[in-house]
Amino acid sequence: MPKVVTDVTCPFCGTLCDDLEVTVSDDNKKILSVRNACAIGAEKFNHTSLPGRVTRPRMRQPDGTFKEISYDEAIDWTANMLVKSKKTLMYGWASTSCQAMSVGHEIAEKVGGVVDNCATVCHGSSLIAIQDVGIPSCTLGEVKNRADRVIFWGCNPAHAHPRHMSRYSIFPRGFFTVKGHKGRKIYCVDCRYTDTARIADEFIQVQQGHDYELLNAFRTAARGEVLPATIGGVPKEKIYAIVEDLKTARFGVIFFGMGLTHTLGRNHNIDIAISFTRDMNDFTKFSIIAMRGHWNVTGSGQVLSWQYGFPYAVDLSRRNKARYQTGETTSVDLLVRNEVEACFNIATDPGAHFPIDAVVSMSKKPTVTVDPHINMSTEISDIHIPVAMVGVETGGCAYRMDNVPIETRKVVDAPDGMLTDVELLTKINARVDQLMGAK
Amino acid sequence: MKTVTLTVKQTPELYLECESITPDTFAGKKIDEIAQLPAYQGKEDTTLGEYFAIAGDAGATAAETQIILKGDCSKMKYIGIKMTAGEVIVNSSTDMYTGGWMKGGKIVVMGDVHSFCGLGMEGGEFIIEGNAGNYLGASYRGDWRGMQGGKIRVKGNVGSDICTFMNGGELIVEGNADVHIATHAEGGRIIIKGNVNRRVGGQMVKGEVIVFGKIGLMMPGYKYTKDVDLEVDGTKAKFAEYIGDLGERHPKKKGETVYGKIFLKK
Amino acid sequence: MSEYIIKNGHVFDPVQSIKGDKKDIAVKDGKIVETSALSSSAKQIDAKGMSVMAGAMEIHAHVAGPKVNLGRWYRPEDKLFDSHKTPGMTRIEGGKSIPTVFKTGYSYARMGYTFAMEAAMPPLYARHVHEEIHDTPIIDEAALPVFGNNWFMLEYLKNHEIENNAAYVAWILNQTKGYGIKIVNPGGTEAWAWGLNCLTVNDPVPYFEITPAEIIKGLIETNEYLGLPHSIHIHGNNLGNPGNYNVTLDTLKLVEGYKAKNNFGRKQVMHATHVQFHAYGGDNWGNFESKAKEIMDYVNKEKGITIDTGNVTLDETTTMTADGPFEHHLGGLNHLKWANVDVELETAAGVVPYIYSPDIKVCAIQWAIGLELALYAKDPMRCFITTDHPNAGPFTRYPRVIKWLMSKKARDERLNTFKNADKVIGATNLAEMDREITLYELAAMTRAGPAASLGLSKDYGGLKPGMNADIAIYNIDPDKMPSDPEEIEKAFSGVAYLFKDGKICVKDGTVVDNGNKRTFWVDVKVKENKQVAHDVKEKFLKYYSVNERNYPVPDSYAPHPYVIAVDATQ
């Protein structure tokens, strides 16, 4: 009889829905169906049993093809690479468990690695902004229960976080929000009319690259000062009207994404959005939340922070200190400047996400990629080591976009003989110890 | 003043961390001791002697020590960091953190400098003959205490994020600047002889930015008040005064609000 | 298992009333035993000229959890030029005001501490707290879940439903692996979710219409109904504001009429924490003054209360607390980066860096108030030393606080060199206080007292045979007390030996073994309660953003548990 596993946490995006129901075959080897997930989450579970799944490590041959090798051979090669390299980029972590990250950090501290995660090409700008100005924020349940003004600024949850609006931000009826979306006014600020804008009550089109100026105008309006006629394509009358409306809110919240993190100024855009949120707390209750992308990039930030004090781009290469300077210790900069000798990727796909110069730089260095799938990174690596899918075939702790920790579950068995991240990293750690002890 | 000359004899494979190259560290040491001073590339611990041929004499104190660097130092980081006195002259470009946290003395770089140079500067003089990268004279990440004092002059252009959280001191840029100049500043003075792209004085609480060329787009939080005559770095001219950032908090002195100021040459 | 005989040391143990006598302490199988129980192969530790105490116990610090970590990562400057590796069995350490977990464990151990209580655990984030506790080496830890603004509690206590509230509290302790009932700014932090606050014990909570006084009393009754090892642990309303001492006295007086009911030897019904922040007179920062005497007059009289001091150390530090509105207020005063997180149905947290400058009159007065509280305390078993780390200062400053308490000379030197010394002296009592805390009193204030307050006095806080072998040996000779107070600070900064569970973990200030730290938590059995089960189910379905089945912290997060079982079914 197939069985239904309930309360499953979806290991795809930062929304980290934990109400999935997965039906699994009697022998625990196949996922038969997924309920409650969005299309993206469902696909994550469904494709565990697609044909062509790589179940053993592969090593690139001189002619460019890949040949299967054993886990032990892959582990030995990897450990040797790490021990030999003066400075190794150890990047990724955003799709694995906190328990695995912890083992990875031990290795990095021993071999002189720089541990970086996906924030480096995503919400790193937000983290930098928070380091400069702090952040008034709340958990997603507070939004559900209290928010009557919701602003989506430079983000498109309709595409990137599909269940966000129904679980937290627009539609739910909470304790103080019994009217659901009818009791909320939804604003959407973007340079283009997105599917999220379609759902909003009011869409404000901002000239691309002018969010910082527009937010400066919002802050200036909130203080009752004069403004030029238009800012970023938005007339000043509209800005004064919106600010007045926000001041009458009971509980406002701003959600933001790549529209702020990746346009001119980057961290400054989030910085001023946070400053605006802080200003609004002089009038009413206001919070701001980053729409984190990968399901456990937040977790990587948390583990790095409690172990070393920094949320990403942690340079352990001197082995006796942890250093942090985004722009120097961040992956893309290290690669483009050729400041690392080797690369170890795990639980994400830099080949797909990094600027091409960085990918080319990586392809010229000894590189190991740990991932359940063949992806753009594996194809430029010397070794691809597949592992069990975290959140599907093995469990572990994850952190949602609002930093709430939720456990992911094992729902099906991994293919026979496959290692988990924790097992693989533990073995690499042991082999590194042997090699370094022998020195 | 006594002079120690370091001539590059091999380029590092990655980048060399040269926090040992300061007058304070060299002072009172003999040449063979200086050659043994540590340098680092990732987990490789090495020495200055491996990468530089070293000649001359160090002074007894930092103030009496001059360091001259010859050869290509464009992959050397941390030169002159935290120095309190003395001189460092580099005959090429340098990498990141040159003159970081310097408290006194003088650094001259006869080329470009990379990013994070002059970070958290407290005093002294820093002259860059070429261009500077990003974060010149800025604060370290998260620190609300940026440049406190001292003087930086750049003969060429600068990048972005210049003098973030500036509290004091002066920066003179003879060329152009990119974006985010004096963001979050609470004091200090920046003079730009060329043009600035955008975002001057964003979230500035106090401080002055004087621009001789054009500003691509003035922040909406700045309001024109009047024209003033100023003498700036030896030049007398008329400037339009703007006060702001009106979206930011400002202190009061004797009941009057003290704004940040942008002066734009007319 | 290892046997040790610690010879010739001066023992300070309030549990056995040993006041510095030379006595041998025997260790076997992780416990303190009679010397006669040792074999001849016992290793000798020569403690001649040294002081021997039980391992110290930190009763209130913010060392593990979401707001602590937010403090860490949002302050990279806290680790600039500070991250380092010390000799010994250590990982990289860093963080001046908010140490990383490795530095936390090592630093406490180096000062002779063997236990720390994480002061505030938001139940929704309990998993995070336990992940950090797990990664913190050497010291045993526990965490206190916060209840003072919890929706279930507000509704039950509005109707005085003690039995239901007790069933809910027991459920939370079980789900979060928590230790007891923490109350922070009761009612005020729920008000803060709307940008408001409760500044006296009689201000009703918006919508829920219950007062802080009712919350506190209801939680005292709940605590004693369950018979928990610790009492309620409270951070009262109106923290940090001039004139707040009246609210503090109102809060303390709520204990009258209540008696402790438990099987752990605990005598108090309320532990009031970081009282320094709550002992302020005047009505503005200009006439700000100490009311430590007024507070301690009451505390000395009322035996149902224990307190901890919350000493200001005059450092740059980071404030962090579940008193959300206070942090917003502080951020507005010093304009530094303010972080805030409101937690659905439960609580909130705020973080703001703060510099306690000796040049600022108010900071110097705060410093004096913290010391006055300890110096006024008549019963050192009821007044414990903390810095409310990191709020009033980093815990790594304990040796300095001890120096000030033990040496009037050191205190006066600090007091008289303040920039506004005469104003500070005028607003406080410290200059006239001659008392110097003795080593015996220190042992009560940092070991035996906290252990008793936490309900752990059977096995911890003393050196009686049968107790756990958590022992600290300091290079300080009571027969040759140093005339230079700096030597006191030095002696307490690095133990000669730290024994944890009978194993030497620190020797001469160097970590030699990471030990086998345990997570302490309280497992309370109550009668089945259908109402509470229904309420829990309903609130998870309708108001929480996570599922009920994903709420509890699994056992894997506390692989070495020390579980205190309480049977409240009678």
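Derivation of every value follows stated rules applied to the coordinates shown; laboratory data play no part. Just so it is clear, the model here is predicted, and its values are computed rather than measured. Because the Cβ atoms are built from the backbone with ideal geometry, glycine has one as well, and the counts that use them run over all protein chains shown.
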- Fraction of beta bridges assigned by DSSP in chain B that are antiparallel (%, nearest 5): 35
- Fully extended, how many nm does the chain gain between C:K259 and C:K464 (0.36 nm per residue separation, minus their Cα-Cα distance)? 71.0 nm
- A:R53 to A:A229: extension gain in nm, 0.36 nm per residue of separation minus the Cα-Cα distance? 57.5 nm
- Message: For the protein assembly as shown, what does the helix formula give at 222 nm: sum of -39500 (n - 2.57) over DSSP H segments with n ≥ 4, over the residue count, nearest 500 deg cm²/dmol?
- Response: -7500 deg cm²/dmol
- Item | P(r) tail fraction, the stretch C:279-384 - alpha-carbon pairs more than 18 Å apart, % | 59
- Query: Over chain A, what relative contact order in percent results from Cα pairs under 8 Å that are six or more residues apart?
  - Reply: 24
- For A:I406, the residues 5 or more places away or on another chain with a placed amide H closer than 5 Å to its own amide H are A:A398, A:Y399, A:R400
- Taking the dipole of the stretch B:112-265 about the Cα centre (Lys, Arg +1; Asp, Glu -1; charges at Cβ), the one of B:S115, B:G133, B:G260 that reaches farthest to the positive side is B:G260
- Message: I'd like to know how chain C sits against the 2.2 N^0.38 Å rule of thumb: what's its Cα Rg over that expected value?
- Response: 0.91
- Message: Whole-Hz ³J(HN,Hα) for each residue in the stretch B:229-234, computed from phi via Karplus 6.51 cos²θ - 1.76 cosθ + 1.60 with θ = phi - 60°, x for glycine and proline: what do you get?
- Response: 9, 10, 10, 10, 6, x
- Message: Exceeding 27 Å between C-alpha atoms, which entries from my cross-link table qualify? They are B:K236/B:K261; A:K285/B:K261; C:K182/C:K539; C:K458/C:K503; B:K193/B:K254; C:K103/C:K261.
- Response: A:K285/B:K261; B:K193/B:K254; C:K103/C:K261
- Task: Work out from phi, with θ = phi - 60° and the Karplus expression 6.51 cos²θ - 1.76 cosθ + 1.60, the ³J(HN,Hα) of each residue of the stretch A:248-255, listed in order in whole Hz, and give x for Gly and Pro.
- Result: 8, 5, 8, 7, x, 8, 10, 10
- Going by alpha carbons, how many degrees (0 to 90, nearest 10) lie between the helix axis of A:124-133 and the longest principal axis of chain A? 50
- Message: Run the simple label-point estimate for C:F81 and A:N338 please: 7 Å along Cα→C-beta, distance reported in nm.
- Response: 3.3
- Per-residue HN-Hα couplings for the stretch C:117-131 [Karplus 6.51, -1.76, 1.60; θ = phi - 60°; Hz; x = Gly/Pro]: 9, 5, 6, 8, 10, x, x, 5, 9, 4, 3, 5, 4, 6, 4
- Summed over the other residues with a beta carbon less than 9 angstrom from that of C:A61, with K and R at +1 and D and E at -1, the charge totals -3
- So if R0 is 35 Å, what FRET efficiency would C:D46 and C:R435 give, r being the distance between their Cβ atoms, rounded to the nearest 0.05? 0.60
- Set the Förster distance to 45 Å, then compute FRET efficiency between C:S17 and A:H373 from the Cβ-Cβ distance, nearest 0.05. 0.10
- Message: What percent of all Cα-Cα pairs in the protein assembly as shown falls into each 20 Å bin, going from 0 up to the bin containing the maximum distance?
- Response: 11, 38, 39, 11, 0
- Task: Give the long-range amide H neighbours of B:G146: residues separated by 5 or more places, or on another chain, with amide H under 5 Å away, using H modelled in the peptide plane at 1.01 Å from N.
- Result: B:N167
- Query: Volume per residue, Å³, of the convex hull around the alpha-carbon atoms of the stretch B:181-266?
  - Reply: 89
- Other residues with Cβ under 15 Å from the Cβ of A:I204 give, with Lys and Arg +1 and Asp and Glu -1, a net charge of -2
- Note on the structure: When the charge dipole of the stretch C:54-453 is computed with +1 on Lys and Arg Cβ and -1 on Asp and Glu Cβ about the Cα centre, the Cα farthest towards its positive end, among C:T90, C:N262, C:V201, belongs to C:T90
- Note on the structure: For the protein assembly as shown, percent of DSSP beta bridges that are antiparallel (nearest 5) comes out at 40
- Query: Taking the Cα centre of the protein assembly as shown as the origin and placing charges on Cβ (Lys, Arg +1; Asp, Glu -1), which of A:A352, B:G49, B:M219 is farthest toward the positive end of the dipole?
  - Reply: B:M219
- How much space per residue, in cubic angstrom, does the convex hull of the C-alpha atoms of the stretch B:54-189 take up? 83
- Note on the structure: Counting only DSSP loop positions in the stretch C:501-568, the GluC sites (Glu not before Pro) whose Cβ has at most 12 other Cβ atoms within 10 Å are C:E528
- Can you list the residues, at least 5 places off or on another chain, whose amide H is less than 5 Å from the amide H of C:M121, using H built in the peptide plane? C:L144, C:V146
- Hydrodynamic radius by Kirkwood, which averages 1/r over all alpha carbon pairs of chain A, in angstrom: 22.9
- Percent antiparallel among DSSP beta bridges confined to chain C, nearest 5, equals 50
- Using r as the Cβ-Cβ distance of A:D195 and A:N28, and R0 as 35 Å, what FRET efficiency do you calculate, to the nearest 0.05? 0.40
- Query: Listed highest first by mean packing, meaning other Cβ atoms within 10 Å per residue, what order do C:201-210, C:397-406, A:351-360 come in?
  - Reply: C:397-406, C:201-210, A:351-360
- Query: With charges only on Cβ, +1 for K and R and -1 for D and E, what is the dipole size of the stretch A:3-48 about its Cα centre, in debye, rounded to 20?
  - Reply: 160
- What shape does the stretch A:129-290 have by the C-alpha gyration tensor, where a ≥ b ≥ c are the square roots of the eigenvalues, rounded means a/c under 1.5, and otherwise prolate means a/b greater than b/c and oblate the rest? rounded
- Take the cross-link list B:K223/B:K265; A:K365/B:K75; C:K378/C:K500; C:K259/C:K527 and give me the ones stretching past 25 Å between alpha-carbons. C:K378/C:K500
